[in-house]
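A quick write-up on the structure given underneath.
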Amino acid sequence: MATQLKNLCEYSSGNIPDISDKKFAVVVSEWNEDVTEALYEGAISTLLKHGAKKENIFRKDVPGSFELSLGAQWTAEIEEIDAVICLGCVIQGETKHFDFICDAVAHGITNVSLKYNKPVIFGVLTPNTQQQALDRAGGKHGNKGDEAAITAIKMLGF
Ligand SMILES: Nc1c(NC[C@H](O)[C@H](O)[C@H](O)CO)[nH]c(=O)[nH]c1=O
Ligand SMILES: CC(=O)[C@@H](O)COP(=O)(O)O
């Protein structure tokens, strides 16, 4: 279902496990920081809302979304980390650079998740415009950060 047909903050409240002792790494891209900071706020508020402890949430920043894969690996390899949430925003420009970044980070994050056998969540917006990004970072379509956080939580209850 396309995002415009659902709100990213709406999700079924079933199968929410106890995360009071779970440790989360949140890797945030600095590119489009007005958007990624909003995603981060959404992710943190969702984790805390569902019982995560603030002292168990560890933030690391990377320059751009392309670096999210390595940032995810450096945090996922920490044994105590139970799940990694990657947050980024790649906005289409004039060239194919957008395609290469999006493809690389989607595959990279997937590979880290499978390599370390733990949830590594793709909380990356890939909009055509700045407005589409803002609409999905606390705007009319909700917040992809909320969605990424609840996805991590639900995967810990698998
Ligand atoms: N244009 C965007 C980028 N570009 C930077 C890359 O992510 C990367 O840091 C660079 O290619 C060096 O490896 N990053 C975003 O996150 N969003 C963009 O819109
Ligand atoms: C997604 C990007 O890297 C983008 O900002 C690059 O813009 P352009 O394709 O116009 O160089």
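The values are calculated or read from the model by the stated rules, or taken from the named source; none is laboratory data. Small disclaimer: the values here were computed from a predicted structure and weren't measured. All Cβ positions, even for glycine, are placed from backbone atoms using ideal geometry, and neighbour counts span all protein chains on display. Just the protein is used for accessible areas: all its heavy atoms, side chains included, with ligands, DNA and RNA removed. Shrake-Rupley method; radii C 1.70, N 1.55, O 1.52, S 1.80 Å.
Structure summary
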read-out: Among 104-116, 2-14, the order from most to least packed when residues are scored by Cβ within 10 Å on average; value: 104-116, 2-14
read-out: 28 Å Cα-Cα threshold exceeded, pairs from Lys54/Lys118; Lys118/Lys144; Lys22/Lys144; Lys49/Lys96; value: Lys49/Lys96
read-out: Test item: Cα-centred dipole of the chain, Lys/Arg +1 and Asp/Glu -1 on Cβ, debye; value: 400 debye
read-out: Relative contact order %, the chain, counting alpha carbon pairs below 8 Å whose residues are six or more apart; value: 33 percent
read-out: Value of [θ]222 nm, deg cm²/dmol, for the chain, DSSP H segments ≥ 4, -39500 (n - 2.57) each, nearest 500; value: -13000 deg cm²/dmol
read-out: Largest-first ordering by accessible area, 1.4 Å probe, given options Glu41, Glu79; value: Glu79, Glu41
read-out: Kirkwood Rh, angstrom, the chain [1 / mean 1/r, Cα pairs]; value: 15.3 Å
read-out: Average accessible area per residue (Å²) across region 10-75 - probe 1.4 Å, nucleic acids and ligands excluded; value: 53 Å²
read-out: Most positive-pole-ward Cα, Thr95, Thr3, Thr36, against dipole of the chain from beta carbon charges; value: Thr3
read-out: Cα centroid separation, region 1-23 to region 103-151 (Å); value: 13 Å
read-out: Charge dipole (region 22-158, unit charges on Cβ, about Cα centre) - positive-most of Met155, Gln73, Gly108; value: Met155
read-out: Portion, in percent, of the accessible area of region 33-156 that falls on carbon or sulfur, probe 1.4 Å; value: 54 percent
read-out: Under 5 Å, built H, 5+ apart or other chain: amide partners of Phe58; value: Phe24, Ala25, Val26
